[in-house]
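What follows is calculated from the coordinates using simple rules that are stated; it is not laboratory data. Predicted model, so just to flag it, every value in this text is computed and none were measured. We place every Cβ from the backbone using ideal geometry, glycine too, and count neighbours over all the protein chains shown.
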Amino acid sequence: MTRLFSKLFNIRPGEWPRLLYLYLIFFVYITGATWGETIVEAAFLQQVGVEYLPWVFVAVAVASVPVTAIYTAFADRIANTKVALGILGLGLLGVVAGRLLLAEGMDRIAYPLLYLIMFVPLSDIFLVHWYTLTNSFYDTQSAKRIVPILATASRIGGILAGLTMFLLNRWLDPANIITVWASAIIAVMLLIGLMPYLFKEDKATLEQPAEINPGSKTTKSQGRLSYLENIREGYHYVTQSRFLLWMAVSTLLLMMLIPFLEFRTSQILLAELGTAQAISNYTGTLNGLTNLIALPIQLFLLSRIIGWIGVGNANLIFPIGNLAISSALTWRPSLFTAALAYFDRNAFRSTFRNPPDSLLYNAVPLRVKGRARAFIGGLVAPLGGLSGGLLLLLPFASAVWFLSAGILLLAVAYLGSTLVIRKQYSHALIQMLEQEDFSFLLLQEATPLTVTDPATLNSLRQKMEESTSHEFTIFMAKLISQIGGSAAISILSQAAKAAADPRSRAAILDVVVAADYVGEPVRQLYIDFLEDEDGRVRQSAIAGLEELSDPQDKQFLALTAKLLTDPDTEVRARILPTLLRANDPEHQISAIQTLDEFLKHQDPHLRARGVRVLNQTGDPRFIHTLLECLADTADEVRLEAALAVEAYLSQKIPAPIITLVLEKMNRLAQDPVERIRQAALTILARIHNRDAYQLMLNALIDPSPQVRSTAVDVLAQAGKAVIPTVHPALNSANPLLRKMATMALSRINQREFGPLVEAHITGNLLEIYRSYGLLTALNPCSQFPSVAILQSAIREQNQQLLDEIFYLLTAIHGKEAVKIVAESFESETARTRANAAEALEAMTTPQTAKLMAPLFEPGLIPAQLLQLSHETWEMAHPKTVEAIKQLLTNPDDPWFRAVMTLALGEMAATFLPEQPAGPQSRILKIHEVVNQRAAELADPTTNEATSPAEPALEEPKAARRANPLDLLAADEPAPPAPEPQPQERQRRSRPADLFGALIGSNSSDKPDQPVEAKPRRGRPADLLGAIMEKGQPQPPPEETAAPASPANNGLPFSLAEIETMIETAFADSQIDVRLAARAAKRIMAGSYITSVIQEEGLLLSAIEKIIFLKEVPFFQGMTIDQLKVLANVCEEQLFEEDARIFNAGDPGGALYVVVSGRVGIEQEKRKGSFARLATIEAHSYFGEMNLFDNSPRSDTAIALQDTLTLRLRREPLIALARQYPDLSLELINVLSQRLREANDRVADLTRTRPRELHKLFDKFD
């Protein structure tokens, strides 16, 4: 039965519980309200008198304006449910007050009060908010399916209440019927109040404020003024538009007419029936019958009527019927014509006037619609009711002639205004469509009726058919699906079949699927496209069939089974979950065979796709297969398997399987991929035993902060059960483990372990202030690149410690509060930072706030920080010599030792005199140094036995191509008179070189090409000890010069002391430190990277790469930690002169950084004829335009001289961007800058012409 109703009403199985609950709430409310309204109107006529009815009209009109303003001001700042309860509570107080007044016999006060409460808060305000509340549970497409069904509760409740009114009058007096009404309000309040507990998944939605005016940018501080602002802006829009102006006039006339009709109808009912019971029985039965007639019209006929005749014509139905009923009431007043007038102002108006009126506003832009409706509905409508009520207060208003004349004149005027609106609507709609302003069709909130003007649909269909743009076609298809209802199905079907572009066909099918269309035509559309030649289209058709069909439907399974042999792997993968879940064994066997092909395929992407299929099935039978995939060599396969196992463990899994999973997690927790380690922790969180807790504990010292954070989260979620496992870690020798264990335990038991967090915060602050002491001590040596890098690393470490402090605070304070404090410290406003310090003082201690605040001051003065640390802890900071020695002997960070060792080599290079030497002697010296350093690196214990001044020569390796640097001297003889610096070897000029120099433009790869070599700071040592300003490296002298004194060189050490410290570094246990010592020795010897790289198979150290990459624009936005990752995967490549680095048509996917030499970017225009697009110098890069999409190269890169490059593949960079999302923005900024530079080059090379000439050319296009 449920399946039948789901198909009939297009409701998904998971939507029924919430839908039925909301339906019950609305039904109870409407039923009680109908009983109350019916008896209040009847009793008012008997007990108070019809002559006082105009006063009620005036009071309702006057009260509705401020009440609406208050609702608008506060509804977007308070949770939806609280607003609903507030409105109902206010109404309940009024009803209870009226009931108490009735008990005291004050009928003439009670019934006017109940009349006012009935219309203002309980009718006008609550019904508006009710649709806002129900819309908040669903997205736009779902709301358009469900809200019309919910709206039928209004009709069903009206039918039941109206047809049972005579029973209530038989059993209860009017006062007790009021009590029943109050009881219904209480029941509705209870049902709404229970929603957050019954539907916990909707708790966030229920706590969200109402969105009164979608698209409005009103802030909370402006909330109280939003109503008046909307009224003011709405007035401006209405007065500027003839269409809206007539809409306002029409509303005014109708709201003036309704009091006249109600007053005249009440006179007749009171005269004919006499008592409250008789009147309420009559109007109740009338209400039930008219709702019974209106219900099928609303469900089945009205949308078709509007579709046949259009919105403009449909808007005339009510005015014409209203004029006929008004004429009958005027000429033949009777109980029958009074019944027609009652029907006219209630069921007839709600059925045939309100829906077309809402659709008429679609002829104005979205930015205008909300404010225009706010003005017309919030001010013009009450003004009309007020005007009608005031007219009825005239002395002669009760006269039949006045009432008849007023009713007829207003009815005729109202019909005339709607005729004008019909004409203006067409003009406004055509103007909107001609301007291609489709905003009026977007973001429409679901209403009880969703219909569209056929003229609008036809215009949109025509524009979609005429479109030559894929994007615009899909945009129009989405608009048609949004507003077209069932009429859109045929339009979209024809568009999909007519589309030549497979992307358009697939996208249109996706639009149909997203619109939740049902029916046989839709199903046949999907079936037809299963035969499409493009795999993407077939996938979209499968998605549609899955939404439309029962998973066990035999016809559906037969159709999908045929696709197991589809040539497109994604199509096969798409239907596998469906077939694997099928009850048919034959389909299951075929699907398992296809799945096995995926899982055993050589392509890791297909294996990962197969694992994703297993995850989608959710069948525990495949858990063993998933566990095997956890050992796959491909990262993406292991990741998919880990995510699948995580999903499987949400089910009840047998104990033996848990044991197998735990064994796999032991290995997976150490996986090199960060995301996999995080998934392993999430899996372990579902296994509640000590072994799992121990693995989670081990993850607290993971290298990745994200993994450590996840470990804290899962341990905290496990609760008190993990305390015995985690508590011993508080005494660990590892400070990081102690800190993260404290974090986890504080999250579990803040009272017991929270004070430990304060100690770790203090520890972080101590480390930060010590680091500032090191930074200050290193300032005298900051001119050396390695020292500058070291200082950058220390600053980044300080920032990490600061971030860690705020992270620690989240263990004892709310995350949102800590986040606000952290963001406030970053503010440019001093007052905001001061407020943040005060908030931090409340969270921690005054001393902590005092130490934190200066760290965020823009004009940070290190001396003040050092003074503050001395006052707080009596901290003594090292001098330069002490700081360097501390870093060289730092036992906790070998990377600091390595960088400082390399810095010593740069310092030692300042002792070298600048002395010319012949090319042959330079090459010989290079060989000597390289051979000795290679031997030292291979066996660090030989450092003492072998003197660095007298290296043992080795024979060159045989299996190696000749290094082009060996031949440098052969091309040019030594100059007769030595120059202070060697001259750069010049190539013969070529025409392409000349052309490249003239245009200086970038290639499509947009390399960063400076016109001249980058100017260097005046020091003998090069950036890496790598590249000199000109040409070839400067060699050391044959005899070592006497060391210069530190006073002469401005250095803290003598040359002998530096050599001793470097020799000590060769004995370090870490390979990075020994590599840095080798590089330092090379720099001391005056040898440079261009001469030694690959000379004897030696490589750049990671530190040298980091230092170099940090000065390349592409990498300047990266942190030292990020550069460490890239430095380990960069590949050095040395190209001889005229060697091709890559050719046009070669696959991309790699970025090149020029360390030394020059590279030409060329493009072949004619066979054998090349255009030089750019010349790339050192510290520049090229190839980035093909880095991320792996597309073929459009240009050729040639080494113009012997060139050393660093090659970076796309995979490590993408992995790094995934780990650090902010890095993606940095790279986008760099690439955008390169694109702007390329555009400037194109503009420079493009011949300019007068604008008038351009216009003339455009006319001939």
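Overview of values
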{"quantity": "Calculated log₁₀ intensity ratio I(q)/I(0) where the Debye formula runs over C-alpha points of region 452-548, q = 0.11, 0.13, 0.15, 0.23 Å⁻¹", "calculated": "-0.27, -0.37, -0.50, -1.17"}
{"quantity": "Relative contact order (%) - criterion: Cα under 8 Å, at least six apart; region: region 607-688", "calculated": "30 percent"}
{"quantity": "In Å, descending, principal axis extents of the Cα set of region 249-312", "calculated": "45, 31, 11"}
{"quantity": "Ranked Leu1213, Leu391, criterion: other C-beta atoms within 10 Å, fewest first", "calculated": "Leu391, Leu1213"}
{"quantity": "Region 123-132 - phi-based ³J(HN,Hα) in whole Hz, Karplus 6.51/-1.76/1.60, Gly and Pro as x", "calculated": "10, 5, 7, 5, 5, 5, 5, 4, 6, 5"}
{"quantity": "Other-chain or far-sequence residues with amide H under 5 Å of Ile1176's (modelled H)", "calculated": "Val1159, Gly1160, Ile1161"}
{"quantity": "Sites Ser459 and Arg304, calculated FRET efficiency, Cβ-Cβ separation with R0 25 Å, nearest 0.05", "calculated": "0.80"}
{"quantity": "Inter-probe distance in nm under a simple model that places probes 7 Å from Cα toward Cβ, at Ala721 and Thr832", "calculated": "4.5 nm"}
{"quantity": "Estimated distance in nm for a label pair at Phe336 and Thr164, the labels positioned 7 Å out from Cα along Cα-to-Cβ", "calculated": "3.2 nm"}
{"quantity": "For region 225-434, Kirkwood radius (reciprocal of mean inverse C-alpha pair distance, Å)", "calculated": "18.2 Å"}
{"quantity": "Net +/- balance of residues flanking Ile178 in space, Cβ distance below 13 Å, scoring K and R +1, D and E -1", "calculated": "-3"}
{"quantity": "Coordinate range along principal axes, alpha carbons of region 670-718, Å, largest first", "calculated": "25, 16, 13"}
{"quantity": "Contour minus Cα-Cα distance for Asp1138 and Gln588 (0.36 nm per residue)", "calculated": "191.9 nm"}
{"quantity": "Loop GluC sites (Glu not before Pro), region 787-847, which have at most 12 other Cβ atoms in a 10 Å radius of their Cβ (DSSP)", "calculated": "Glu826, Glu828"}
{"quantity": "Cα centroid of region 647-718 to Cα centroid of region 290-349, whole Å", "calculated": "67 Å"}
{"quantity": "Förster radius 56 Å - calculated FRET efficiency between Asp892 and Arg503, Cβ distance, rounded to 0.05", "calculated": "0.50"}
{"quantity": "Pairwise label distance in nanometres, Gln494 with Val412, each label 7 Å out on the Cα-Cβ vector", "calculated": "4.4 nm"}
{"quantity": "Rg/Rg_globular for region 78-173, with Rg_globular taken as 2.2 N^0.38 Å and Rg from C-alpha atoms", "calculated": "1.34"}
{"quantity": "Label zone at Asp1121 (point 7 Å along Cα-to-Cβ), backbone N below 16 Å, region 675-695", "calculated": "675, 678"}
{"quantity": "Loop sites in region 650-729: trypsin sites (Lys or Arg not before Pro), DSSP, at most 13 other Cβ within 10 Å", "calculated": "Lys652"}
{"quantity": "Integer Hz, Karplus 6.51/-1.76/1.60 couplings in order for region 21-38, x for Gly and Pro", "calculated": "5, 5, 5, 4, 4, 5, 5, 4, 5, 5, 4, x, 5, 5, 4, x, 4, 5"}
{"quantity": "Theoretical FRET efficiency, 1/(1+(r/R0)^6), r = Cβ-Cβ of Leu564 and Thr659, R0 30 Å, to 0.05", "calculated": "0.30"}
